[in-house]
Amino acid sequence: ALLDAKPHAYWRLNEFTGPLAADDAGQGRDAAYEPGITFYLDGPRPADFCSADERNRAPHFAGGRLRARLEGVRDRYSVSLWLWNGLPAAARATSGWLFSRGPDHGLAPHGDHLGVGGTAGHAGKLVFFTGDDSATAVVVAGRTAIPRWTWQHVVLVREGGTVRIYLDGQLEIETRTAAPRAPAADHFFFGGRSDGDSSWEGRLDEIAFFHRALTAADVARLSPR
C-alpha cells in the first residue's frame, strides 16, 4: 500500500548499521543515521511488511536522529511512520520529538515539529507546533495517550495552512497554522527536533514521505486494520 501510494521517499530502516538509510521507493533519496542509534531490533507488524520467513526490523533511537534533505517541499507534504515509545510519560518535560522540519541545530519560523508530550504538558499525547520559539509557541495536542512499548501508526498531513495528524487511522489533531513560505526549510529530521531538543527514546520504522497532502482515504489505506 505504501509503494502504491508513490511516496517521494520511503525508508524501511532495516539496516544492520549506519550511516545510510536506503530509499526503498527507488528514487535515490537516501537518509542518514546520526550516532546514538541501535540497529536491527524488532519492528511493527511483520506479517504486513515481510514475507513469512522474515522479521521486520527497526532502529532504536537514543540520542541520534535520522536526517534527510528533500528539496522543493513547500506547504503540502505528508509523513507516515510507525513509533514505539520507550519512555514513561513523567520521565522528562517532553517525552521526545518524532519529526521535525527546520535548519540543523536550530528552529525556523515555519518549521513543523511533532512529538509526544511529558511533564511540561500533554503527557503521553501527541503534540505539534510550528515556529522557531518553543517557549512561546502554541502547542496543539491530541486526546489519546500513546502507550509505552507499543507500536502505533502516525500520519502528519500539511495542506497549506491546515495540519492534520492521524493516529492509527483516526484523526487525532487538526489545526490551522502559518503555512511555510518559499524558501521553506529542506532539512527533515526523525527521532529528534531540528535543534536537537528532547531526542526520541524509542523506535521508529517504515517512514514514508509524500510530496503532497494525503487524503483521509489515503491514510485509511496506509493505517492498520
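Residue count for the stretch 7-28 satisfying the condition of being touching a residue at least 60 places away in the same chain (Cβ under 8 Å) and open to solvent by 70 Å² or more (accessible area, probe 1.4 Å): 0. Please indicate, with yes or no, whether at least one residue in the stretch 197-212 is among the hydroxyl-bearing types (Ser, Thr, Tyr), out of contact with any Pro (no Cβ under 9 Å at 6 or more places or on another chain) and under 12 Å from LEU81 (Cβ atoms). No; the residues of the stretch 197-212 include none that is among the hydroxyl-bearing types (Ser, Thr, Tyr), out of contact with any Pro (no Cβ under 9 Å at 6 or more places or on another chain) and under 12 Å from LEU81 (Cβ atoms).
If I ask for residues that are basic (Lys, Arg) and crowded, with 19+ Cβ neighbours inside 10 Å, which ones from the stretch 187-217 would you list? Answer for the stretch 187-217, where residues must be basic (Lys, Arg) and crowded, with 19+ Cβ neighbours inside 10 Å: ARG193, ARG203. Within the stretch 95-115, restricting attention to residues that are more than 19 Å from THR177 (Cβ to Cβ) and modelled with pLDDT of 95 or more, the residue that is surrounded by the fewest Cβ atoms within 10 Å (Cβ to Cβ) is GLY96.
With respect to being open to solvent by 40 Å² or more (accessible area, probe 1.4 Å), in contact with a Phe, Trp or Tyr (Cβ under 8 Å, 6 or more places away or on another chain) and closer than 21 Å to GLU201 by Cβ, THR150 fits the description. Quick check: anything in the stretch 48-55 open to solvent by 20 Å² or more (accessible area, probe 1.4 Å) and under 27 Å from GLY117 (Cα atoms)? Taking every residue of the stretch 48-55 in turn, none turns out to be open to solvent by 20 Å² or more (accessible area, probe 1.4 Å) and under 27 Å from GLY117 (Cα atoms). Scan the stretch 29-47 residue by residue and report those that are closer than 17 Å to LEU83 by Cβ and open to solvent by 80 Å² or more (accessible area, probe 1.4 Å). Once the filter is applied, which keeps residues that are closer than 17 Å to LEU83 by Cβ and open to solvent by 80 Å² or more (accessible area, probe 1.4 Å), the stretch 29-47 yields only ARG45. Which one is farthest from TRP97 (Cα to Cα), of the residues in the stretch 163-186 that are modelled with pLDDT of 95 or more and open to solvent by less than 50 Å² (accessible area, probe 1.4 Å)? The qualifying residue farthest from TRP97 (Cα to Cα) is GLY169. Under the condition of being touching a residue at least 40 places away in the same chain (Cβ under 8 Å) and open to solvent by 10 Å² or more (accessible area, probe 1.4 Å), the residues counted in the stretch 116-130 number 1.
The values are calculated or read from the model by the stated rules, or taken from the named source; none is laboratory data. Please read all numbers here as calculations on a predicted model, not as lab measurements. Backbone-built Cβ (ideal geometry, glycine too); neighbour counts: all protein chains shown. With ligands, DNA and RNA removed, areas are computed over all heavy atoms of the protein, side chains included. Shrake-Rupley method; radii C 1.70, N 1.55, O 1.52, S 1.80 Å.
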